[in-house]
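The values are calculated or read from the model by the stated rules, or taken from the named source; none is laboratory data. Nothing here was measured: the structure is a model prediction, and the numbers come from that model. Glycine also receives a Cβ, built like all others from the backbone with ideal geometry; neighbour counts cover every protein chain displayed. To get the accessible areas, we keep the full protein, side chains included, count just its heavy atoms, and leave off ligands, DNA and RNA. Shrake-Rupley method; radii C 1.70, N 1.55, O 1.52, S 1.80 Å.
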Amino acid sequence: MTQSVIARQRAESDARTNGCYLNPDKDFLDDLFQGIVKNEERYGYPLCPCRLATGKLDFDADVICPCIYRDIDVLEYGCCYCALYVRKDVYEGKTTIGPISERRPKELQIRAYGTAGQTAKPSPVSIGTLSEKPKEMASENLAQPTEVNRKAWYCRQCGYVSYREIPPYICPICKAKQEMFARLEIGADFRG
Amino acid sequence: MTQSVIARQRAESDARTNGCYLNPDKDFLDDLFQGIVKNEERYGYPLCPCRLATGKLDFDADVICPCIYRDIDVLEYGCCYCALYVRKDVYEGKTTIGPISERRPKELQIRAYGTAGQTAKPSPVSIGTLSEKPKEMASENLAQPTEVNRKAWYCRQCGYVSYREIPPYICPICKAKQEMFARLEIGADFRG
Amino acid sequence: MTQSVIARQRAESDARTNGCYLNPDKDFLDDLFQGIVKNEERYGYPLCPCRLATGKLDFDADVICPCIYRDIDVLEYGCCYCALYVRKDVYEGKTTIGPISERRPKELQIRAYGTAGQTAKPSPVSIGTLSEKPKEMASENLAQPTEVNRKAWYCRQCGYVSYREIPPYICPICKAKQEMFARLEIGADFRG
């Protein structure tokens with residue numbers, strides 16, 4: 001079984017888990033999975049085939065496929081940034097996908113650009129919009145990637161706990177919006 | 001795209017994620033989604049269209065749709081309290097839904113009743129049974145809503161961690177019963 | 001409704017949640033569900049019908065159905081150890097299941113063997129391979145089950161937090177590999 005088939009099976013299982021679907025266009029999907037497999041060989045993790053990597057896992061974590069923008073993009077736009085994952089109505093051909101704007105914050109894009117000349121290469125599949133350098137990219141920003149500062153968050157609706165820089169855009173358990181997440185304040189209760 | 005359509009898409013994704021289905025009756029669903037949308041406009045969160053709200057997020061968290069009783073009700077009764085979400089056999093028309101008793105503890109219903117005259121209004125869709133005041137509602141209980149006291153829980157079967165007042169009725173990851181949850185006792189191990 | 005039907009409904013919901021399917025062979029499934037129900041009556045939890053139990057929940061937690069090996073086995077082999085849960089292509093009859101090796105560490109199997117004469121009985125359904133005693137089973141090992149030592153882990157890709165002995169083989173939220181999990185180091189940030 002090829003790596004590309006394994007990537008597809010993982011993605012199928014993942015789509016089912018998170019309430020979305022794979023793009024019904026098989027050839028398009030094949031290109032994306034080949035890109036993901038190449039990225040996994042190159043970096044050690046299945047980086048999004050439409051984004052730039054720093055090559056450092058913690059800095060790239062938000063755009064490892066499925067990226068942290070996937071669920072909210074599928075819900076709002078009908079598909080993720082790559083159009084690998086789509087919403088039910090798109091999968092069923094009832095809705096056509098329009099243009100998708102990049103939700104990844106500019107500062108993270110810049111971080112990737114800053115190191116792209118060193119460790120990262122442009123991704124094999126490039127459907128995204130990163131052909132132009134964001135204009136916020138002053139050269140002084142490119143030198144040092146910022147720190148990754150994870151925090152504990154919980155969903156005020158269902159209690160789901162997540163440990164990452166920013167809270168999920170959408171709760172993977174109950175689909176609550178990002179505003180429903182709060183910092184997990186752990187005091188005596190947790191230590192008791 | 002109307003808010004009601006967005007609510008439906010969110011619910012479809014959520015049903016798929018949590019192993020259940022939307023009620024196949026489209027008109028019935030439309031009413032429910034309109035109720036949810038109205039509640040979201042009113043309170044800022046998609047309160048269950050069949051329950052009373054206090055208007056305070058932390059007090060209403062258990063009945064924000066999908067409510068924390070949804071998974072266990074779907075499993076045991078074949079549908080949630082509103083009959084918005086249903087079990088597979090119900091979705092396929094093999095089983096008919098019977099009456100559903102309200103799993104929400106009386107003290108939480110009372111809390112909502114106690115503030116209903118102030119901040120909350122009866123919900124637009126009312127399929128639920130809260131037309132009668134629970135008889136435990138002594139007037140002294142109505143004055144002061146109780147505190148929300150979240151704790152950390154983990155599933156002894158799969159390790160899922162949740163931060164809420166009571167443990168999930170059913171583990172959203174492995175479907176273990178509530179009895180499988182234990183308090184997360186965090187000592188040196190967590191601080192090391 | 002019989003306990004066996006309830007077990008099936010729980011499993012159906014669970015399969016949908018985790019991106020896999022139930023074995024399409026109904027008779028085979030019935031046997032498995034009967035085994036699970038018997039185990040639940042005997043131990044108080046739905047132990048895997050193909051494994052040995054110690055009768056102590058914390059020691060058996062990894063093989064309570066769905067076992068912690070399920071997701072990775074379904075992904076890699078096309079089905080879990082019992083063949084209760086299968087991958088999409090297996091469900092659709094496109095792929096035939098081959099032999100599945102037991103992923104459960106030998107030391108845990110030994111622990112179960114060590115107590116099997118006391119509290120546990122062979123499971124009613126035995127499709128697994130535990131007919132032979134692992135050769136590492138020196139008699140001194142059998143006396144005392146080892147301690148259960150849970151730790152907090154987080155997925156570096158999506159932030160999912162889990163509290164168990166070893167990190168998930170596959171992240172239940174984003175399907176990241178086990179290598180993506182790291183120990184949750186909680187210091188001032190968590191206590192603040």
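Which chain B residue puts its Cβ closest to the axis that rotates B onto C, and at what distance in whole Å? Residue of B nearest the axis onto C, distance in Å: B:VAL161, 3. Across peptide C:58-65, the mean count of Cβ atoms from other chains lying within 10 Å of each residue's own Cβ comes to 3. Count Lys and Arg as plus one, Asp and Glu as minus one, and take only other residues whose Cβ is under 14 Å from that of C:TYR91; the net charge is then +1.
Per-residue shielding of B:68-78, expressed as the average number of other chain Cβ atoms within 10 Å of the residue Cβ, stands at 2. Please compute the net charge surrounding B:ILE170, taking Lys and Arg as +1 and Asp and Glu as -1 over other residues with Cβ under 12 Å from its Cβ. Residues close to B:ILE170 contribute a combined charge of 0. Taking all protein chains as shown and a probe of 1.4 angstrom, A:TYR169 keeps an accessible surface of around 40 Å². Counted by Cβ distance under 9 Å from C:SER13, the other residues give a net charge of +2, where Lys and Arg count +1 and Asp and Glu count -1. With all protein chains in place and ligands, DNA and RNA left out, the 1.4 Å accessible area ranks B:THR17, A:THR2 as A:THR2, B:THR17, largest first. Copy-to-copy label distances for B:GLU147, where each label lies 7 Å from Cα along Cα-to-Cβ, are 3.3, 3.3 nm in order of increasing length.
The relative contact order of the stretch B:18-97 comes to 31 percent, based on Cα pairs under 8 Å that sit 6 or more residues apart.
Residues A:LYS175, C:LYS151 ordered from highest to lowest accessible area at a 1.4 Å probe: C:LYS151, A:LYS175. Chain A and chain C together bury an accessible surface of about 2700 square angstrom, both sides counted, with a 1.4 Å probe and no ligands or nucleic acids included. When B:ASP14, B:ASP30, C:ASP25 are compared by accessible area of protein heavy atoms, the largest-first order is C:ASP25, B:ASP30, B:ASP14, using a 1.4 Å probe. So what is the relative contact order of the stretch C:25-66, in percent, for Cα pairs below 8 Å that sit 6 or more residues apart? Computed value for the stretch C:25-66: 30 percent relative contact order. Note on C:GLU40: accessible area approximately 50 square angstrom, rounded to 10, probe 1.4 Å, nucleic acids and ligands left out.
Inter-chain Cβ neighbour count for A:165-178, averaged per residue, equals 5 (cutoff 10 Å, partner chain atoms only). Summary for A:THR2: label point 7 Å along Cα→Cβ; distances to the equivalent points in the other copies, ascending, 4.6, 4.6 nm.
Each copy carries B:PRO24; placing its label point 7 Å along the C-beta direction from Cα gives inter-copy distances of 2.1, 2.1 nm, listed from smallest up.
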